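The structure under discussion appears below in the form of C-alpha cells.
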Amino acid sequence: MPERPQPLRPFSEQVATSNRLMVQHRPGTSEHERGLSLLQSIAEHEAGGHARWLLGAYFLQVCSRPRAHEQALYWLRLAADEGTPEAMDRLADLYLSGLGGEQSLTAGLDLQLRLADQGFRRAAWEAAYLIGVVGPSEGLTAASAYLRACALGHVPAYFSLGLRFLTGNGVEPDSGLGHALLRRAADGGYQGAMELAARVPVRADGREKWYDRLKANLHAAHPSLSALVPGRPNQRQIVHPGLAALEQHLVSIGHPAFELDPTGRARVVPGGAESVAEGCTWTWLCQRPRVATGPAFATTEECAHLINKASPGMRAAAGYRRGNSENEDAELASFNGRVHPMGALETDAVTRILESRVSTFTGCPIENLEPCSIICYVPGEEYKPHTDFFSDEQIELNARAKRDYGGQRIATFLLYLRAPQAGGSTKYPAAGVDVAGEDGMAVIHYNVDQDGRQDLDSLHAGLPIVQGEKWLWRSTLRKNSLYKPPA
Ligand SMILES: O=C(O)CCC(=O)C(=O)O
Ligand SMILES: [Fe+2]
C-alpha cells in the first residue's frame, strides 16, 4: 500500500507536541531533545507566533545548557521584535543582568518604557525605578514615570511617588501629598507604607485633602481601569489610546506638582535634586572570619519593594529546596523561618540592580552569584549556628547531578531589608562579633580563608527574634560561573 502523505499539522499543534515532550521528559533524554528541535524548527520558520517566546523562556529556565543565556537572548530578541510582551519583559531583565551578552540598563529601560506605554502596570513601575537609577529618558523623570504608573492604579507606584514627595527627591517636597500617597499605597495592601507615613511630622499640610482627592479620583477611574486591556507594543511611537485619559484624570486632582506635558501625558513638575545612589562605605569588622558591613546598601524603596513582592510567596523553609540536598538538610535543621526563592526566574529590576551592586563591590561576576532568596523571621524564629560553605563532595554532586558549576560558596551576602526591633542580630561566635542589622544594611562574610579553604571560623547564626520581623535578601558568591561547565 502506498504511504499516505502526512497531513500538514498547524504550528500550534506542533508547539503543543514539542512542549509536551519537553515537559514530560528530562533534558538530555532523546524525547526531550526531539521536542526541543521541533520547537526550534518551528521558531525558525514561524514569525509572530508563540514558539520564539517559548524557546527564550525555556533557555532561561534550563540555564545549565551550553550557552543557554546566549540562546535565550537570541530567541527573546526575535520574539520581542515581534512585540510579544512577555518576551520584552524577560529580555529587559536579561539586559539588566548582562547574562548572555552585554549588560545594558538603558536597553532594559527602553523595553519597559515601551511596555508601560501599552498599559502594562508593572512595566510602568520598573521603568520609573530604572530611570531613578540611570537618569531621565528623553526628558521623562522618575517622578513623572511613577505618576504615570499611579494613573494605571499600580499600588507600588503610590508608595514610590509618596516617598519622593516626602523626601523631595526630584520633586518639590510636600509631606502632605507624600503622606496621602503612602496612605493610598497602604489602602492597596502595600506593607510598610503606613509605618513610613507615621514617621512624618503630625502637621503635614493638606494630607487629608490630598488623601480624599486621590481616593475619590481612583474610585472614579475604576471602570476605565478594569476595562483597560494592555496593547501589543508593535510600534514605538503609538501609545495605548486609553493612557492619556487616565493620566489626565489623575492630574485633575489639582495638585500644583501634577501637570500635562504638551503631548497630553502626565508629568511631575521638577523640583529638588535627584538623589543618586552613592554606593555605601564598607567597614571591615574582623579578618577571621572576614566580615564587613555596608550601611545604606539598598534604599528604602528597594527594601520595601522586595518585601512586598516576596510576601505572598513566603513559605516555611521546608517547602522549598534549592537543590543542594546536604546543605538544605542542614538549613532545615537550623532555620525555622520562611523563605522565598526570588531567584532568576522572575523579572525584577530591583533584584538585578542589587546583583550589579554586589558585583561592583566584590568584583564577583554576576554569573557567579547564586540566585537570591528572601528569608523572613518572626519572634522566636532563628537560624542556629551553621556554616555556608560546601563540602568537596557537595561541590562535585552539584556539578554532576544538578549542573550547578559554581563550585565553592566563597562568601555570603546578606541584605537587611527590615531589621527586627529587638533580637535577631547576625552573630559570628568565633570572632565574638555581633552585627545588629539596620534597614538597608548589607553584611558580607567569607566562608573560606585567604587560600580558599573552608573556614570553620565562618560559623554564624541569626539569633532569635525578640520583637518585630526580620527580612533578609541573600545570595552567595560562588567561585565560578554557575552556568558554564569548567573548560
Ligand atoms: O539571619 C541571619 O542573620 C543569618 C542568615 C544566614 O546565615 C544565611 O542565610 O545563611
Ligand atoms: Fe548562613
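Where a number appears in this text, it was derived from the coordinates with a stated rule and is not lab data. Quick caveat, the model's predicted, so the values are computed rather than measured. Positions of Cβ are backbone-derived with ideal geometry, glycine not excepted, and every protein chain shown enters the neighbour counts.
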**OP:** Enumerate by residue number the GluC sites (Glu not before Pro) in the stretch 74-117 meeting two conditions: DSSP loop (anything except H, G, I, E, B), and at most 10 other Cβ atoms within 10 Å of the site's Cβ.
**Re:** GLU102
Original post:
Counting only residues 5 or more places away or on other chains, whose amide H sits under 5 Å from the amide H of GLY272 once H atoms are built in the peptide plane?
Top reply: GLY170, VAL171, GLU172
**OP:** Can you put SER458, SER275 in order of Cβ neighbours within 10 angstrom, beginning with the fewest?
**Re:** SER275, SER458
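Going by how many other beta carbons lie within 10 Å of each one, how would you line up VAL276, VAL134, fewest first?
Going from sparsest to densest Cβ surroundings: VAL276, VAL134.
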Subject >> Size of electric dipole in the chain: Cβ of Lys, Arg +1 and of Asp, Glu -1, about Cα centre, debye, nearest 20 >> reply: 660
Original post:
Given H placed on each backbone N at 1.01 Å, which residues far from ALA411 in sequence or on other chains put an amide H within less than 5 Å of it?
Top reply: ASN447, LEU477
Original post:
What residues qualify as long-range amide H neighbours of ASP404, i.e. H under 5 Å apart, gap of 5 or more or another chain, H built at 1.01 Å from N?
Top reply: ALA399
Subject >> Residue order, fewest to most beta carbons within 10 Å, for VAL202, VAL171 >> reply: VAL202, VAL171
Subject >> Taking N as its residue count, the alpha carbon Rg of the chain over 2.2 N^0.38 Å >> reply: 1.05
**OP:** Quick one: grab the alpha carbon gyration tensor of the stretch 11-103, order the square roots of its eigenvalues as a ≥ b ≥ c, and give me rounded if a/c is under 1.5, else prolate or oblate depending on whether a/b is larger than b/c.
**Re:** oblate
